[in-house]
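Nothing in this text is a laboratory measurement; each read-out follows from the coordinates by a stated rule. It should be emphasised that the depicted structure is a prediction, and the values quoted were computed from it without experimental measurement. Counting neighbours? That spans all protein chains shown, and the Cβs are built from the backbone with ideal geometry, glycine included.
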Amino acid sequence: MVTFTTERLVLREFQPTDWATFRALEAEPALYYYEPAAPTETDTQAYVERAQAEAQQTPRTHYRLALTRLSEAEVCGRVTLAQLNPAIREWEIGWAVHPRLWGQGFATEAARALLAFAFAELRAHRVVAFSHAENAASLRVMRRLGLQQEGLLRATRWWRDAWSNEVVFAILEQEWPL
Ligand SMILES: CC(C)(COP(=O)(O)OP(=O)(O)OC[C@H]1O[C@@H](n2cnc3c(N)ncnc32)[C@H](O)[C@@H]1OP(=O)(O)O)[C@@H](O)C(=O)NCCC(=O)NCCS
């Protein structure tokens, strides 16, 4: 079980009492605008169950954490860190914040805490992030964190009745902290 506290946020394990606010968050259409589909209630239930099961793993390979503001206990986002390729100590990071809180730096603040954990505690060599190539807000978060674009995966996402591209960004252990 992990908890990270930043200037304005707490990143913590999901709790049974999070269900209603987390489902409301996941039901926000803006959160899934760049995804092929939005999650059903069953998908969200499965997500929370996986998150709770992963919290018991040793060694742990997935961190799906709830994001709350210091001033409010309700879940206002989620961040993830998942082992991709253990042979090269590679992890993948991801984020989502409630649309009413966009533009205040919460995703960047949360991801920075998770990157610090990945490099300092998990001894990550690389941390990568994938995004729909047109997801400008997410691309800005990646760049602000110091991730660099490494590639463009062509036509890997079926989105709005057409194929879309995806970008791959990464930051290396020697590039952290900025
Ligand atoms: C991706 C996502 C988390 C970005 O949210 P965001 O609010 O734009 O990103 P941040 O929390 O880092 O906020 C950054 C913005 O807040 C501003 N800001 C205000 N105060 C700030 C502070 N203290 N620190 C940093 N930035 C601050 C920045 O200037 C920046 O604005 P800009 O992007 O117009 O330059 C959000 O769009 C989202 O949840 N999308 C849906 C899920 C998703 O697509 N996830 C990624 C899948 S790959």
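For the chain, what is the convex hull (Cα atoms) projected area averaged across all directions, in square nanometres? Working shown, then result.
Working: hull surface 40.5 nm².
Computing the convex hull of the Cα atoms and averaging its projections yields 10.1 nm².
Enter the Cα centre distance for the pair the stretch 119-155 and the stretch 24-97, rounded to the nearest angstrom.
Using only Cα atoms to place each centre, the spacing works out to 16 Å.
In deg cm²/dmol, rounded to 500, what helix-only [θ] at 222 nm does the chain give when every DSSP H run of at least 4 residues adds -39500 (n - 2.57) and the total is split over its residues? Working shown, then result.
Values: 4 runs with 46 residues, N = 178.
Calculated from helices alone, the mean residue ellipticity at 222 nm is -8000 deg cm²/dmol.
Treat each spin label as a single point 7 Å out from the Cα along the C-beta direction, and report the ASP161 to ALA27 distance in nm.
My value for the distance between the label points is 2.8 nm.
With label points built 7 Å along Cα→Cβ from the Cα atoms of ALA120 and GLN45, find their separation and express it in nm.
Simple spin-label model gives 3.9 nm for this pair.
Apply the membrane-span-like helix rule to the chain: whole DSSP H runs, Cα extent along the own long axis of at least 15 Å, mean Kyte-Doolittle hydropathy at least -0.5. List the helices found. Can you show the working numbers first?
Numbers: long enough: 41-54 (20 Å, -1.33); 106-120 (21 Å, 1.33).
Result, helices passing both filters: 106-120.
What is the list of residues in the stretch 6-31 whose amide nitrogen lies under 18 Å from a point 7 angstrom out from the Cα of GLN52, following Cα to Cβ?
12-26
Assuming R0 = 22 Å, what is the FRET efficiency of ARG60 and THR6, from their Cβ-Cβ distance, to the nearest 0.05?
The value I calculate is 0.60.
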